[in-house]
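Step one of this worksheet: look at the structure below.
The values are calculated or read from the model by the stated rules, or taken from the named source; none is laboratory data. Worth saying up front: this structure is predicted, and the values here are computed from it rather than measured. Because the Cβ atoms are built from the backbone with ideal geometry, glycine has one as well, and the counts that use them run over all protein chains shown. Note: areas computed on protein heavy atoms with side chains; ligands, DNA, RNA excluded. Shrake-Rupley method; radii C 1.70, N 1.55, O 1.52, S 1.80 Å.
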Amino acid sequence: MSHFYFALTNSEVEALLKQELNWFYPQLKPSYSRPGFLTLKAETAINFNPWMARLSGICLGKKSVEDLIKLPKAWLWKRQEDFNPPESLSELNQKSLFKIGEKVSLIMMVGENEFWLGEYVLKRTHFQTPGELSSILEKKAPSRAYYKLAEAFEAFDLPMDYEEKVLELGSAPGGASLFLLEQEMKVIGVDPADMDPTILKHRNFKHLKKPFETITSSNFQEDIDWIVSDVNLPPSVVIKEVDRLLEFLEPKGLVLTLKLNQDRYLRMLKPIAESFRKKGFLQVEIKYLPSHRQEIALIAIR
Ligand SMILES: C[S@@+](CC[C@H](N)C(=O)[O-])C[C@H]1O[C@@H](n2cnc3c(N)ncnc32)[C@H](O)[C@@H]1O
């Protein structure tokens, strides 16, 4: 018996997802796909949870609207914002609540008159949105990193607290800093580039305008609770520097955005997660967030 799976991706990362499937899910054969929507077939059931998919699950096939409106509850995701689903389907989103551990029925509107049905178990790290879209409201922020960190905060339920101190690597222009300052945290931003003036003048922000490779213990008068990184350098370089910082800092958690602009960096993710576990971080998780491009979030909490 054949088993079918679906994956929803962001366009910037579709090629990387295909590479991941090639390397780590060789038993899957590509089936029907449209940009941002992939289906795959296997001859035996597998545990399908690729990193580079915003959302993945079991694919139950193409369905008619008549069949779909019989579902007691379901979420509807549209592949394109301008698609116009029938009201009987779009109103399902308002009516349907899913709890953690429950199976979500996801109607995927792939074309104007083309609907596919998928299923996945709602995890703690999933967003409560159809198609795993961002639940963060748009706002004026110095950069997209605001959303990336806000999404990580929500998805991983990060135990960040007000007045905690964050060392932020690659902080310019300051989207992520803005999010942290909004949580009333204290931020030391390390970046040779300029910060947005609104961040720079905030009383809880301090700028170390230099590369993170030059940071030493003498830069810190107080303990650091979190290390956040969004440095646009290869994961190997970032991890080497984070490891060096961990020789003299003892944060309770790390929130790292790892840039994956080369396929081979995918192979580093598992060993990186393993190395943090060995260093005593009990919770280590990896998730592709809705605002991500060619990158992924790795969090490690003691
Ligand atoms: C994606 S941007 C960071 C966005 C930022 N987190 C925000 O919230 O706006 C990547 C940053 O990494 C910085 N960067 C690159 N190499 C660095 C290094 N060696 N040390 C510190 N920052 C570096 C760049 O200057 C750039 O500002």
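Can you run down the residue pairs with Cβ atoms below 7 Å, 6 or more apart or on separate chains, where the first is in the stretch 256-281 and closer than 12 Å to Pro234 by Cβ and among the basic types (Lys, Arg) and the partner is within 16 Å of the ligand (Cβ to nearest atom) and open to solvent by 70 Å² or more (accessible area, probe 1.4 Å)?
Lys259/Asn232; Lys259/Gln294
Here are some conditions: (1) open to solvent by 70 Å² or more (accessible area, probe 1.4 Å); (2) in contact with a His (Cβ under 7 Å, 6 or more places away or on another chain). Ala15 meets all but one. Which one does it not meet?
Tallying (1) open to solvent by 70 Å² or more (accessible area, probe 1.4 Å); (2) in contact with a His (Cβ under 7 Å, 6 or more places away or on another chain), Ala15 fails exactly one: (2).
In the stretch 12-27, how many are over 17 Å from Arg54 (Cα atoms) and either in contact with a helix residue (DSSP H, G or I) (Cβ under 6 Å, 6 or more places away or on another chain) or in the same structural domain as Arg264 (by TED's automatic domain parsing) (or both)?
Number of matching residues: 0.
Failed condition for Ile100, given (1) outside any strand (DSSP E or B); (2) open to solvent by less than 10 Å² (accessible area, probe 1.4 Å); (3) closer than 20 Å to Pro290 by Cβ, with all others met?
(2)
Give all pairs with beta carbons closer than 7 Å in which a residue from the stretch 225-246 that is part of a loop (DSSP other than H, G, I, E, B) and modelled with pLDDT of 95 or more meets a residue that is hydroxyl-bearing (Ser, Thr, Tyr) and more than 13 Å from the ligand (Cβ to nearest atom); count only pairs at least 6 apart in sequence or on separate chains.
Partner pairs satisfying both residue conditions: Pro234/Tyr265.
Within the stretch 24-62, restricting attention to residues that are part of a strand (DSSP E or B) and among the charged types (D, E, K, R), which residue is farthest from Val284 (Cα to Cα)?
Per the criteria, the residue is Lys62.
Out of everything in the stretch 225-246 that is over 22 Å from Glu151 (Cα atoms) and away from the ligand (no atom under 14 Å from the Cβ), what residue ends up being nearest to the chain's Cα centre (by Cα)?
Asp243
Consider Ile46 carefully, then state whether it is among the β-branched types (Val, Ile, Thr), surrounded by fewer than 16 Cβ atoms within 10 Å (Cβ to Cβ) and not assigned by TED's automatic domain parsing to the domain that holds Leu266.
yes
Kindly indicate whether any position in the stretch 144-154 is in contact (Cβ under 8 Å) with a residue 60 or more places away in the chain and open to solvent by 20 Å² or more (accessible area, probe 1.4 Å).
Within the stretch 144-154, one or more residues are in contact (Cβ under 8 Å) with a residue 60 or more places away in the chain and open to solvent by 20 Å² or more (accessible area, probe 1.4 Å).
Only one residue in Glu91, Glu81 is among the acidic types (Asp, Glu) and either touching a Cys at 6+ places or on another chain (Cβ under 9 Å) or surrounded by fewer than 13 Cβ atoms within 10 Å (Cβ to Cβ) (or both). Which one?
Glu81
Are any residues in the stretch 56-78 open to solvent by less than 40 Å² (accessible area, probe 1.4 Å) and within 27 Å of the chain's Cα centre (by Cα), and if so, which ones?
Within the stretch 56-78, Ser56, Gly57, Cys59, Gly61, Ala74, Trp75, Leu76, Trp77 qualify.
Of the residues in the stretch 155-170, how many are touching a residue at least 40 places away in the same chain (Cβ under 8 Å) and either among the hydroxyl-bearing types (Ser, Thr, Tyr) or over 16 Å from Asp225 (Cβ atoms) (or both)?
Count: 2.
Being at pLDDT 95 or above, of a type in the set (Ser, Thr, Tyr) and closer than 16 Å to Arg293 by Cα is the filter; apply it to the stretch 130-180 and report the residue that is farthest from the ligand (Cβ to nearest atom).
Only one residue tops the list, namely Tyr147.
Hey, could you check the stretch 181-222 for residues that are basic (Lys, Arg) and surrounded by fewer than 17 Cβ atoms within 10 Å (Cβ to Cβ) and say which is nearest to the ligand (Cβ to nearest atom)?
Only one residue tops the list, namely Lys210.
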